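Take a look at the structure set out below.
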Amino acid sequence: MALYYGKPSTIARVDGVVADGAAAAAGFKIGDVVLQIDGKPIESFADMQRIVAMNAGSALTFQVKRDGAIVSLTATPALLERKDPFGNSHRLGVLGIEHKSQAGEASTAPVGVAEALKIGVEQVWFIITSTFKFLGSLFVGHGNPNDVSGVLGIAKMSGQAASAGFQFVINLCAVLSVSIGLLNLFPIPLLDGGHLMFYAAEVLRGRPLSERTQEMGFRIGLGLVLMLMVFATYNDILRMAAS
C-alpha cells in the first residue's frame, strides 16, 4: 500500500491551539513544528496523531522547532470520545492542536520498494504495540472493555470501509490479519500459541505433558476463547442497538 499510495508527508505543524487544551497547557504555540515524540522521529502530522491517540493520560515529551530553535515540551493527551464520518464513537487521546493544509503542500510522497517495506514493518509493529498497550490498560482498569469488538463489529467496519474505497478495504484487511495473527500467538491452549507453550514445556521437561494435562488445557483454552467471543458479540449488539 505504501508503494502504491505513498506515505503521509504533511508537516507536523501547529496551525492552531485549542484554548484550555492539553497543548495550550504544555506551552505549544502556533507555528511550532513537532520533530520528535519521546525520541521517535515525526515525519508527518499523521504520525503525531497516531501516537497521541494511543497515549491518552500518558505524559509525552515533544521536541518542537520554534523560530529556528529546538524546544522541549511535555504534554498529556486528554481522553475524549469522538465520532468518525460513519458515526462510530472512538475514545482517543487528544492534544488540542489544529492543522490546516496550505496551498502546494503535498499530503503524500512516493516511496521506493525499500522504504515501503520499512513503512510496512513499522505499521505492523505499531498495531502489535498498540494491542498490548490496550490490553495493559484493561488490566490496570484504565481501558474501556466496551472497545472490544467481534464478528458483527468487523462486518460493520468492512461495509463502511467498502463504501469509503478500495484503499480502506485493503488497509482493514491488513490490520485484521495482523491482529488475528497476534491473537493466535497468545499462550492460550487451543490457539497456536498454546501449542508452542506445550512444546516449550516438553523441551524443558524432556517429555510431553500428560494427555490429561493437555486435555484440561484445551478445555480451559476453549472456555476462554468462547467467553471472549460472547463478550465481543455482546458489545457489538449493544453498539448496534445504540446506533
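The values are calculated or read from the model by the stated rules, or taken from the named source; none is laboratory data. Please read all numbers here as calculations on a predicted model, not as lab measurements. Counting neighbours? That spans all protein chains shown, and the Cβs are built from the backbone with ideal geometry, glycine included.
Residues in the stretch 110-145 that are part of a helix (DSSP H, G or I) and over 16 Å from the mean Cα position of the chain (by Cα): VAL113, ALA114, GLU115, ALA116, LEU117, LYS118, PHE139. In the condition set (1) acidic (Asp, Glu); (2) surrounded by 11 or more Cβ atoms within 10 Å (Cβ to Cβ); (3) modelled with pLDDT under 90, GLU115 is compliant with all but (3).
Can you give me the ranges of the strands (runs of 3 or more DSSP E) entirely in the stretch 1-96 with at least 3 residues that are out of contact with any Leu (no Cβ under 6 Å at 6 or more places or on another chain), loosely packed, with under 14 Cβ neighbours inside 10 Å and touching a residue at least 24 places away in the same chain (Cβ under 8 Å)?
none
Note on the stretch 124-148: residues that are in contact (Cβ under 8 Å) with a residue 60 or more places away in the chain and over 19 Å from LEU80 (Cα atoms) amount to 1.
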